[in-house]
Amino acid sequence: MNASGAPTTIGPKAYEAWRAQSLGALTEAIELRAVLDLAGDVSGVRLLDAGCGDGALVATMAAKGAEVTGVDPDPAMLLAAQKRVADAGVKATFTEGRLEGLPFPDASFDVVASITVLCFLPDATGAFREMARVLRPGGRLVLGELGRWSLWAAQRRVRGWLGSRTWKAARFRTPGELRALAEQAGLRVTALRGAVYYPRIGWLARVMAPFDRWFGRLGTFGAAFLALRAEKP
(Lines give C-alpha, C1' and ligand atoms only; values in the text may rest on other atoms or scores of the structure.)
Protein backbone atom coordinates (compact mmCIF):
# COMPACT_ATOMS: atom_id res chain seq x y z
CA MET A 1 0.00 0.00 0.00
CA ASN A 2 2.41 2.60 -1.11
CA ALA A 3 2.83 5.29 -3.67
CA SER A 4 6.60 5.45 -3.50
CA GLY A 5 8.15 6.84 -6.61
CA ALA A 6 5.43 9.46 -6.87
CA PRO A 7 6.20 12.94 -5.57
CA THR A 8 4.90 12.29 -2.05
CA THR A 9 6.27 12.05 1.46
CA ILE A 10 4.68 8.70 2.34
CA GLY A 11 7.06 6.24 4.00
CA PRO A 12 7.12 3.47 6.63
CA LYS A 13 7.05 5.93 9.53
CA ALA A 14 3.96 7.64 8.11
CA TYR A 15 2.13 4.32 8.05
CA GLU A 16 3.21 3.55 11.62
CA ALA A 17 2.02 6.95 12.82
CA TRP A 18 -1.35 6.55 11.08
CA ARG A 19 -1.97 3.09 12.55
CA ALA A 20 -1.00 4.33 16.01
CA GLN A 21 -4.04 6.61 15.96
CA SER A 22 -7.40 5.07 16.81
CA LEU A 23 -8.92 6.66 13.69
CA GLY A 24 -6.14 5.24 11.52
CA ALA A 25 -6.41 1.73 12.92
CA LEU A 26 -10.20 1.75 12.55
CA THR A 27 -10.10 3.07 9.00
CA GLU A 28 -7.42 0.67 7.82
CA ALA A 29 -9.39 -2.25 9.26
CA ILE A 30 -12.53 -1.19 7.35
CA GLU A 31 -10.58 -0.72 4.12
CA LEU A 32 -8.93 -4.12 4.55
CA ARG A 33 -12.32 -5.76 5.13
CA ALA A 34 -13.62 -4.27 1.88
CA VAL A 35 -10.61 -5.64 -0.01
CA LEU A 36 -10.84 -9.09 1.57
CA ASP A 37 -14.57 -9.30 0.81
CA LEU A 38 -13.82 -8.85 -2.89
CA ALA A 39 -10.68 -10.98 -2.97
CA GLY A 40 -12.52 -14.08 -1.80
CA ASP A 41 -10.69 -17.31 -0.99
CA VAL A 42 -6.98 -16.84 -1.69
CA SER A 43 -5.70 -20.11 -0.26
CA GLY A 44 -3.11 -21.58 -2.60
CA VAL A 45 -3.31 -18.79 -5.19
CA ARG A 46 -0.40 -16.83 -6.64
CA LEU A 47 -1.06 -13.28 -5.49
CA LEU A 48 0.77 -10.07 -6.35
CA ASP A 49 0.49 -7.02 -4.10
CA ALA A 50 1.34 -4.27 -6.57
CA GLY A 51 2.68 -1.35 -4.55
CA CYS A 52 2.95 -3.38 -1.37
CA GLY A 53 4.29 -0.61 0.84
CA ASP A 54 5.20 -1.87 4.29
CA GLY A 55 3.58 -5.26 3.70
CA ALA A 56 0.32 -5.04 5.66
CA LEU A 57 -1.72 -6.71 2.92
CA VAL A 58 1.09 -9.13 2.07
CA ALA A 59 1.17 -10.45 5.63
CA THR A 60 -2.61 -10.76 5.76
CA MET A 61 -2.88 -12.63 2.47
CA ALA A 62 0.05 -14.91 3.29
CA ALA A 63 -1.64 -15.80 6.58
CA LYS A 64 -4.71 -16.78 4.55
CA GLY A 65 -2.64 -19.25 2.54
CA ALA A 66 -1.78 -17.26 -0.57
CA GLU A 67 1.61 -17.50 -2.29
CA VAL A 68 2.33 -13.78 -2.14
CA THR A 69 4.76 -11.58 -4.02
CA GLY A 70 5.08 -7.93 -3.08
CA VAL A 71 6.48 -5.34 -5.47
CA ASP A 72 7.33 -1.74 -4.64
CA PRO A 73 9.77 0.86 -6.02
CA ASP A 74 10.92 2.00 -2.57
CA PRO A 75 13.70 -0.06 -0.92
CA ALA A 76 12.79 1.33 2.52
CA MET A 77 9.23 0.10 2.12
CA LEU A 78 10.44 -3.33 1.03
CA LEU A 79 12.65 -3.60 4.11
CA ALA A 80 9.69 -2.68 6.31
CA ALA A 81 7.54 -5.24 4.49
CA GLN A 82 10.11 -7.99 4.96
CA LYS A 83 10.23 -7.24 8.69
CA ARG A 84 6.44 -7.25 8.97
CA VAL A 85 6.19 -10.62 7.24
CA ALA A 86 8.95 -12.10 9.40
CA ASP A 87 7.29 -10.79 12.57
CA ALA A 88 3.99 -12.34 11.44
CA GLY A 89 5.65 -15.73 10.94
CA VAL A 90 4.58 -16.05 7.31
CA LYS A 91 6.46 -16.23 4.02
CA ALA A 92 6.42 -13.95 0.99
CA THR A 93 8.67 -12.85 -1.85
CA PHE A 94 9.57 -9.22 -2.51
CA THR A 95 10.83 -7.51 -5.65
CA GLU A 96 11.75 -3.91 -6.36
CA GLY A 97 9.79 -2.55 -9.30
CA ARG A 98 7.20 -0.09 -10.56
CA LEU A 99 3.59 -0.70 -11.51
CA GLU A 100 4.08 0.92 -14.90
CA GLY A 101 6.64 -1.79 -15.77
CA LEU A 102 6.09 -4.84 -13.58
CA PRO A 103 9.12 -7.18 -13.62
CA PHE A 104 7.11 -10.37 -14.21
CA PRO A 105 6.16 -12.46 -17.27
CA ASP A 106 2.65 -12.46 -18.68
CA ALA A 107 0.00 -14.46 -16.79
CA SER A 108 2.17 -14.88 -13.67
CA PHE A 109 -0.56 -14.44 -11.03
CA ASP A 110 -4.04 -15.63 -10.14
CA VAL A 111 -4.83 -12.45 -8.20
CA VAL A 112 -3.36 -8.96 -8.37
CA ALA A 113 -4.16 -6.55 -5.53
CA SER A 114 -3.27 -2.87 -5.41
CA ILE A 115 -4.38 -0.61 -2.58
CA THR A 116 -4.24 3.20 -2.67
CA VAL A 117 -1.41 3.24 -5.19
CA LEU A 118 -2.90 4.39 -8.50
CA CYS A 119 -4.05 7.61 -6.86
CA PHE A 120 -0.41 8.70 -6.71
CA LEU A 121 0.77 7.48 -10.13
CA PRO A 122 0.93 9.79 -13.16
CA ASP A 123 0.19 6.90 -15.56
CA ALA A 124 -2.74 4.96 -14.11
CA THR A 125 -3.67 3.66 -17.56
CA GLY A 126 -0.25 2.08 -18.00
CA ALA A 127 -0.35 0.61 -14.50
CA PHE A 128 -3.75 -0.97 -15.19
CA ARG A 129 -2.42 -2.49 -18.41
CA GLU A 130 0.55 -3.96 -16.57
CA MET A 131 -1.58 -5.45 -13.82
CA ALA A 132 -3.86 -6.98 -16.44
CA ARG A 133 -0.86 -8.34 -18.34
CA VAL A 134 0.53 -10.29 -15.39
CA LEU A 135 -2.89 -11.76 -14.54
CA ARG A 136 -3.65 -15.20 -15.91
CA PRO A 137 -6.86 -15.61 -17.94
CA GLY A 138 -9.65 -16.01 -15.42
CA GLY A 139 -7.61 -14.21 -12.77
CA ARG A 140 -8.93 -11.27 -10.80
CA LEU A 141 -7.77 -7.79 -9.94
CA VAL A 142 -8.74 -6.35 -6.56
CA LEU A 143 -8.22 -2.63 -6.27
CA GLY A 144 -8.70 -0.14 -3.46
CA GLU A 145 -8.60 3.57 -4.27
CA LEU A 146 -9.51 6.98 -2.88
CA GLY A 147 -13.04 8.09 -3.74
CA ARG A 148 -13.62 11.59 -5.06
CA TRP A 149 -16.97 12.42 -3.50
CA SER A 150 -16.17 12.27 0.21
CA LEU A 151 -15.36 14.62 3.07
CA TRP A 152 -11.96 12.96 3.34
CA ALA A 153 -11.16 13.83 -0.28
CA ALA A 154 -12.27 17.43 0.24
CA GLN A 155 -10.05 17.82 3.30
CA ARG A 156 -7.10 16.22 1.53
CA ARG A 157 -7.49 18.52 -1.47
CA VAL A 158 -7.36 21.50 0.87
CA ARG A 159 -4.19 20.12 2.43
CA GLY A 160 -2.74 19.84 -1.06
CA TRP A 161 -3.61 23.44 -1.82
CA LEU A 162 -1.93 24.42 1.45
CA GLY A 163 1.33 22.75 0.48
CA SER A 164 1.16 19.02 1.29
CA ARG A 165 3.21 17.25 -1.39
CA THR A 166 1.40 13.99 -0.74
CA TRP A 167 -2.10 15.34 -1.29
CA LYS A 168 -1.14 17.79 -4.01
CA ALA A 169 -0.02 14.76 -6.04
CA ALA A 170 -3.06 12.62 -5.24
CA ARG A 171 -5.80 11.84 -7.75
CA PHE A 172 -9.26 11.11 -6.37
CA ARG A 173 -11.42 9.07 -8.74
CA THR A 174 -15.09 8.33 -9.24
CA PRO A 175 -16.43 4.77 -9.56
CA GLY A 176 -17.00 5.45 -13.25
CA GLU A 177 -13.39 6.45 -13.78
CA LEU A 178 -12.10 3.30 -12.08
CA ARG A 179 -14.47 1.15 -14.12
CA ALA A 180 -13.32 2.82 -17.34
CA LEU A 181 -9.64 2.24 -16.49
CA ALA A 182 -10.30 -1.44 -15.84
CA GLU A 183 -12.28 -1.89 -19.04
CA GLN A 184 -9.64 -0.08 -21.11
CA ALA A 185 -7.15 -2.65 -19.81
CA GLY A 186 -9.37 -5.46 -21.09
CA LEU A 187 -10.83 -6.44 -17.72
CA ARG A 188 -14.47 -7.09 -16.80
CA VAL A 189 -15.64 -5.35 -13.64
CA THR A 190 -17.64 -7.70 -11.40
CA ALA A 191 -17.97 -5.60 -8.23
CA LEU A 192 -17.49 -2.01 -7.12
CA ARG A 193 -18.21 -0.98 -3.55
CA GLY A 194 -17.65 1.90 -1.18
CA ALA A 195 -16.31 2.03 2.37
CA VAL A 196 -15.36 4.63 5.00
CA TYR A 197 -18.46 6.83 4.95
CA TYR A 198 -17.77 8.58 8.24
CA PRO A 199 -15.96 11.94 8.54
CA ARG A 200 -12.41 12.29 9.78
CA ILE A 201 -13.54 12.85 13.38
CA GLY A 202 -12.53 10.16 15.87
CA TRP A 203 -15.61 9.92 18.08
CA LEU A 204 -18.02 10.21 15.14
CA ALA A 205 -16.06 7.59 13.20
CA ARG A 206 -16.40 5.17 16.11
CA VAL A 207 -20.16 5.76 16.23
CA MET A 208 -20.68 5.37 12.47
CA ALA A 209 -18.16 2.61 11.70
CA PRO A 210 -20.48 -0.30 12.69
CA PHE A 211 -22.92 0.90 10.01
CA ASP A 212 -20.31 1.28 7.26
CA ARG A 213 -21.37 -1.83 5.36
CA TRP A 214 -24.99 -0.67 5.52
CA PHE A 215 -24.01 2.66 3.96
CA GLY A 216 -22.14 0.70 1.31
CA ARG A 217 -25.35 -1.04 0.24
CA LEU A 218 -26.90 2.34 -0.51
CA GLY A 219 -24.23 3.34 -3.03
CA THR A 220 -20.72 4.69 -3.35
CA PHE A 221 -21.42 8.42 -3.00
CA GLY A 222 -19.66 9.75 0.09
CA ALA A 223 -17.26 6.81 0.32
CA ALA A 224 -13.67 7.79 1.03
CA PHE A 225 -12.51 4.34 -0.16
CA LEU A 226 -13.60 2.49 -3.30
CA ALA A 227 -13.01 -1.24 -3.76
CA LEU A 228 -13.18 -2.78 -7.23
CA ARG A 229 -12.94 -6.37 -8.46
CA ALA A 230 -12.37 -7.15 -12.12
CA GLU A 231 -11.67 -10.38 -14.00
CA LYS A 232 -9.47 -11.10 -16.98
CA PRO A 233 -11.35 -12.95 -19.75
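The values are calculated or read from the model by the stated rules, or taken from the named source; none is laboratory data. All figures in this text were calculated on a predicted structure; none of them were measured in a lab. Here Cβ is always computed from backbone atoms with ideal geometry, including for glycine, and neighbour counts include all displayed protein chains.
Residues that are modelled with pLDDT under 95 and in contact with a Cys (Cβ under 6 Å, 6 or more places away or on another chain): does segment 171-194 have at least one? Even if it seems obvious, please write down each step before you answer.
Step one: of segment 171-194, the residues modelled with pLDDT under 95 are 171.
In the following step, the residues that additionally are in contact with a Cys (Cβ under 6 Å, 6 or more places away or on another chain) were identified as 171.
Yes: segment 171-194 contains one or more residues that are modelled with pLDDT under 95 and in contact with a Cys (Cβ under 6 Å, 6 or more places away or on another chain).
Checking residue 91 against (1) at pLDDT below 95; (2) part of a loop (DSSP other than H, G, I, E, B); (3) more than 18 Å from the chain's Cα centre (by Cα), which single condition isn't satisfied?
The failed condition is (1).
Here are 155, 184: which of them is surrounded by fewer than 18 Cβ atoms within 10 Å (Cβ to Cβ) and touching a Phe, Trp or Tyr at 6+ places or on another chain (Cβ under 8 Å)?
Numbers: 155 fails: touching a Phe, Trp or Tyr at 6+ places or on another chain (Cβ under 8 Å).
Just a single option satisfies the conditions, and that option is 184.
Looking at segment 116-132, which of the residues that are among the aliphatic types (A, V, I, L, M) and in a loop (DSSP other than H, G, I, E, B) is nearest to the chain's Cα centre (by Cα)? Before the answer, list the steps.
Step one: list which residues in segment 116-132 are among the aliphatic types (A, V, I, L, M), which gives 117-118, 121, 124, 127, 131-132.
If we keep only those that are in a loop (DSSP other than H, G, I, E, B) as well, we get 117, 121.
Numbers: 117: 6, 121: 13 Å.
Looking at the filtered set, the residue picked out is 117.
Condition check: among the acidic types (Asp, Glu), within 22 Å of residue 50 (Cα to Cα) and under 16 Å from the mean Cα position of the chain (by Cα). Does residue 145 satisfy that? Spell out the reasoning first.
Working: among the acidic types (Asp, Glu): yes; within 22 Å of residue 50 (Cα to Cα): yes; under 16 Å from the mean Cα position of the chain (by Cα): yes.
Answer is yes for this residue.
Inside segment 34-75, can you point out the residues that are part of a helix (DSSP H, G or I) and surrounded by fewer than 17 Cβ atoms within 10 Å (Cβ to Cβ)? Can you show your working first?
Quick first cut of segment 34-75, residues part of a helix (DSSP H, G or I) only: 34-39, 56-63, 75.
Within segment 34-75, 37, 63, 75 qualify.
Give the number of residues within segment 133-152 that are surrounded by 20 or more Cβ atoms within 10 Å (Cβ to Cβ), assigned to a helix (DSSP H, G or I) and out of contact with any strand residue (DSSP E or B) (no Cβ under 7 Å at 6 or more places or on another chain).
So the answer is 1.
Does segment 49-105 hold any residues that are in contact (Cβ under 8 Å) with a residue 60 or more places away in the chain and of a type in the set (D, E, K, R), and which are they?
Selection gives 49, 72, 74, 98.
Return yes when residue 113 is part of a helix (DSSP H, G or I), under 23 Å from residue 227 (Cα atoms) and modelled with pLDDT of 95 or more and no when it is not. Even if it seems obvious, please write down each step before you answer.
On the way: part of a helix (DSSP H, G or I): no; under 23 Å from residue 227 (Cα atoms): yes; modelled with pLDDT of 95 or more: yes.
Answer is no for this residue.
Could you check segment 143-187 and list, in sequence order, the residues that are among the aromatic types (Phe, Trp, Tyr), in contact (Cβ under 8 Å) with a residue 40 or more places away in the chain and closer than 16 Å to residue 116 by Cβ? It would help to see each step written out before you state the result.
Quick first cut of segment 143-187, residues among the aromatic types (Phe, Trp, Tyr) only: 149, 152, 161, 167, 172.
Right, trim to in contact (Cβ under 8 Å) with a residue 40 or more places away in the chain and you get 149, 152, 172.
Residues satisfying the conditions are 152, 172.
Residue 90 - would you say it is of a type outside the set (Gly, Ala, Ser) and buried (at least 21 other Cβ atoms within 10 Å of the Cβ)? It would help to see each step written out before you state the result.
On the way: of a type outside the set (Gly, Ala, Ser): yes; buried (at least 21 other Cβ atoms within 10 Å of the Cβ): no.
Considered against the rule, which asks whether it is of a type outside the set (Gly, Ala, Ser) and buried (at least 21 other Cβ atoms within 10 Å of the Cβ), residue 90 comes out as no.
Could you please let me know if residue 179 is surrounded by 14 or more Cβ atoms within 10 Å (Cβ to Cβ) and part of a helix (DSSP H, G or I)? Don't jump to the end; show me each part of the working.
Details: surrounded by 14 or more Cβ atoms within 10 Å (Cβ to Cβ): yes; part of a helix (DSSP H, G or I): yes.
Yes, satisfied.
Take the residues in segment 195-217 that are not in a helix (DSSP H, G or I) and not hydroxyl-bearing (Ser, Thr, Tyr); name whichever of them is surrounded by the fewest Cβ atoms within 10 Å (Cβ to Cβ). Outline the logic, then answer.
Looking only at segment 195-217, we keep the residues that are not in a helix (DSSP H, G or I), and these are 195-201.
Restricting the remaining residues to those that are not hydroxyl-bearing (Ser, Thr, Tyr) gives 195-196, 199-201.
Numbers: 195: 24, 196: 28, 199: 16, 200: 16, 201: 12.
My answer is 201.
Just the residues that are surrounded by 15 or more Cβ atoms within 10 Å (Cβ to Cβ) and at pLDDT 90 or above, please, taken from segment 1-33.
Residues satisfying the conditions are 23, 24, 26, 27, 28, 30, 31, 32.
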